[in-house]
Amino acid sequence: MNSLKPYPRHLLRKVHLADGVWDFTFLGDIACDKLDLDQIVYDDVMPVPAAFDALPAYAGRRGLAVYRRKISVTPGRPSRLHFEAVSLRCRIYVDGRLLGEHACGYTGFWVDVPAGDFQDRELVVVVDNRFDFHRSPLHEHYFDFYQWGGIIRSVWIHEVGGSYLEDAFVRTIDPVVGDIHVQVHIAGANGTPLSVELDGLPVGTYLASARMELRCRVPEPQPWSPGTPHLHHLRLRLGDDDIIIRFGLRTVEARDGQLMLNGEPVELRGYNRHESHPQFGPALPLSLLVADLQQLRDLGANFVRGSHYPQDQRFLDLCDEMGFLVWEEGIGWGQRARQLEDAGFRKAHLAMLEEMVCTSRNHPCVILWGVLNELGSNESCARPVLEESINLIRQLDPTRPVTYATMFPLEDLCYDLADVIAHNIYPGWYGCEDVEDPLSLIVPHIHKCIAHVDSLGHRAKPYIISEIGAEGLYGWHDALNGFFTEEYQAAYIETVLREVAANARITGIALWHFSDARTYVGGRALVRPRAFNNKGTVDEYRRPKRAYEHVKRLWRAKEE
Ligand code: ADA
């Protein structure tokens, strides 16, 4: 089973995969606190991982859903359940006892299960996919992407003793010499020796304590980069427990208006990407994760912005292996004073960021952290939230730049807080009702945005266009090449990419977006034909639109 598991992995620790077909029932609109687990009749089955409301039988349903399965663990030994993502919120029961709850649909979390007398235990997961600001403050109905419900990523059972390896964070000090810094977290440390191996070779043995800082040298170091994505392995062993961390030797830095990877400037060419498919919702099969990256590679892309939530760890593992650069982003979409001034929201937001950073910080592909897409950063309420978010991220990971994508390029009040300036802009798409030639707006607007940022004294910060795009309906052509045709979209993207190639001030671009993605179904869909966000270069089934060949031609030429 370990071969399917995203990193970190284990050779000694017993880890069982709890995916499969679970007992299931959909209870609908009832209060979570009113639930009597003994009275539940499981009248259906549900695959895990999957979004239950992506299946036709439950499409569009919101309410309480209950999942159940037997798990098998060694009697007398505590275990830990690892849920990679349950959306939108959930409660976890083992043998009828409430052991944990969680309220963000895109981050992993752990639940400690005390030792029991029997091998077979009953695991029940109560999932709630209703929008409710007080109970799930990070999810809102108005986000421009469909938010499905269910156990959407894998579930693992880790058998651990009283003392085990919780986590380790590997930081590159020198990618050429191979010097690394390792921070180790041990639960129940009791002076047992901790042995360290790098790429299978012993490095040393240390006396274990709860939090350890080690400096080691990789025996045969090979730096990681998109062109040569070399990976190394650190194995820690503590008694009968172990953990294997995969990492890459690379540094990243925002300096002199550039993003430097191992001291060399790098240009980002890529896409925003939603984890979304009409049939699977956000629970994408491995084949689709690989297929998406193969298409991105074919387009000549080297960069993915994981919009607008932490990505599947299998996807980040693939990016490590295939040499993609990733902007990993916390969940957020258009928060304003109502949320930004709410203590419950801020607490949940910081907890989510901590889960994201601690889970994703060993991926060499992740070169940038992002927070709170399009928050109200033109208002004073944004600053405290951005400050606390960015400070927390820097504390958990001082090695990567941090940014936020603003939709207020000319009115933003918080640029000083970010390491990288990132603009979401749609000249030639939104707000040009009275313009005869909307394409003519694109280049002047980009220049205006950059000039404004530089006039505020941020010339030394790299500049990224974090979103730009136009809708093109797959298969829609007409003689006028108007809005929503594949032709207008292709001409739009061509104009943008030519400017990006010609403008040395632009460090990178994430086009909006890779594939069409399901969004609003109600009144907001008035600007979203088919209830999809149709700005994909491929449609929701990954069929290329006309823009595909334009992007490929321009980016491949750049590559060569
Ligand atoms: C915003 C937002 C995206 C998407 C896009 C659009 O910039 O960040 O999620 O909604 O606009 O298509 O309008």
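The values are calculated or read from the model by the stated rules, or taken from the named source; none is laboratory data. The structure presented is a predicted model; accordingly, all values stated were derived computationally and were not measured. Ideal geometry is used to build each Cβ from the backbone, glycine not excepted, and the neighbour counts take in all protein chains shown. Side chains included, ligands, DNA and RNA excluded: accessible areas come from the protein's heavy atoms. Shrake-Rupley method; radii C 1.70, N 1.55, O 1.52, S 1.80 Å.
Structure notes:
- Qualifying residue in the range 10-24 (condition: under 16 Å from Arg91 (Cα atoms) and free of Cβ contacts under 8 Å to residues at least 12 places away in the same chain): no
- Number of the exception - Phe315 against (1) among the hydrophobic types (A, V, I, L, M, F, W, C); (2) open to solvent by less than 10 Å² (accessible area, probe 1.4 Å); (3) part of a loop (DSSP other than H, G, I, E, B); (4) away from the ligand (no atom under 16 Å from the Cβ): (3)
- Residue in the range 353-369 that is away from the ligand (no atom under 16 Å from the Cβ), polar (S, T, N, Q), touching a strand residue (DSSP E or B) at 6+ places or on another chain (Cβ under 6 Å) and at pLDDT 95 or above present: yes
- Unmet criterion (only one of (1) under 28 Å from the mean Cα position of the chain (by Cα); (2) open to solvent by 20 Å² or more (accessible area, probe 1.4 Å)) for Ile186: (2)
- So Ala504, is it at pLDDT 95 or above, among the small types (Gly, Ala, Ser), under 18 Å from Ala547 (Cβ atoms) and out of contact with any Pro (no Cβ under 7 Å at 6 or more places or on another chain): no
- Check on Ser466, within 27 Å of the chain's Cα centre (by Cα), away from the ligand (no atom under 12 Å from the Cβ), crowded, with 21+ Cβ neighbours inside 10 Å and of a type outside the set (A, V, I, L, M, F, W, C): no
- Selection within the range 208-225 - closer than 24 Å to Leu396 by Cα and not polar (S, T, N, Q): Ala208, Ala210, Arg211, Met212, Glu213, Leu214, Arg215, Cys216, Arg217, Val218, Pro223, Trp224
- For the range 334-341, the criterion of being closer than 21 Å to Leu261 by Cα and open to solvent by 10 Å² or more (accessible area, probe 1.4 Å) is met by no residue.
- A residue that is more than 22 Å from Phe131 (Cβ to Cβ) and within 11 Å of the ligand (Cβ to nearest atom) occurs nowhere in the range 545-553.
- All positions within the range 405-421 that are without any contact (Cβ under 8 Å) to a residue 60 or more places away in the chain, open to solvent by less than 50 Å² (accessible area, probe 1.4 Å), within 30 Å of Asn362 (Cβ to Cβ) and away from the ligand (no atom under 11 Å from the Cβ): Cys414, Tyr415, Leu417, Ala418, Ile421
- A residue that is surrounded by fewer than 16 Cβ atoms within 10 Å (Cβ to Cβ) and of a type in the set (Asp, Glu) occurs nowhere in the range 450-462.
- Of all residues in the range 281-310, those that are more than 15 Å from the ligand (Cβ to nearest atom), closer than 24 Å to Gly150 by Cα and within 17 Å of the chain's Cα centre (by Cα) total 10.
- Screening Glu560 on (1) within 26 Å of Leu325 (Cβ to Cβ); (2) open to solvent by 10 Å² or more (accessible area, probe 1.4 Å); (3) in contact (Cβ under 8 Å) with a residue 12 or more places away in the chain shows it passes everything except condition (3).
- Beta carbons closer than 7 Å, at least 6 apart along the sequence or on distinct chains, pair a first residue in the range 423-435 that is within 11 Å of the ligand (Cβ to nearest atom) and among the polar types (S, T, N, Q) with a second that is in a loop (DSSP other than H, G, I, E, B) and open to solvent by 70 Å² or more (accessible area, probe 1.4 Å) for Asn424/Met407.
- Scan of the range 343-365 for residues that are part of a helix (DSSP H, G or I), more than 18 Å from Val86 (Cα to Cα) and not hydrophobic (A, V, I, L, M, F, W, C), ordered by number: Gly344, Arg346, Lys347
- One residue from His447, His513 being at pLDDT 95 or above, on the phi < 0 side of the Ramachandran plot and within 14 Å of the ligand (Cβ to nearest atom): His513
- Residue match in the range 168-183 (condition: more than 16 Å from the ligand (Cβ to nearest atom), outside any strand (DSSP E or B), in contact (Cβ under 8 Å) with a residue 40 or more places away in the chain and surrounded by 21 or more Cβ atoms within 10 Å (Cβ to Cβ)): yes
- Checking each residue in the range 220-244 for being open to solvent by 50 Å² or more (accessible area, probe 1.4 Å), within 22 Å of Phe324 (Cβ to Cβ) and part of a loop (DSSP other than H, G, I, E, B) picks out Gln222, Gly227, Thr228, His230.
- Single condition Ser440 does not satisfy, out of (1) more than 16 Å from the ligand (Cβ to nearest atom); (2) closer than 30 Å to Glu487 by Cα; (3) open to solvent by less than 40 Å² (accessible area, probe 1.4 Å); (4) not β-branched (Val, Ile, Thr): (3)
- Any chance Gly161 is modelled with pLDDT under 95 and open to solvent by less than 60 Å² (accessible area, probe 1.4 Å): yes
- Residue list for the range 9-31, restricted to those being touching a Ser or Thr at 6+ places or on another chain (Cβ under 8 Å), part of a strand (DSSP E or B) and charged (D, E, K, R): Lys14
- Qualifying residue in the range 86-95 (condition: surrounded by fewer than 19 Cβ atoms within 10 Å (Cβ to Cβ), in contact with an Asp or Glu (Cβ under 7 Å, 6 or more places away or on another chain) and not hydrophobic (A, V, I, L, M, F, W, C)): yes
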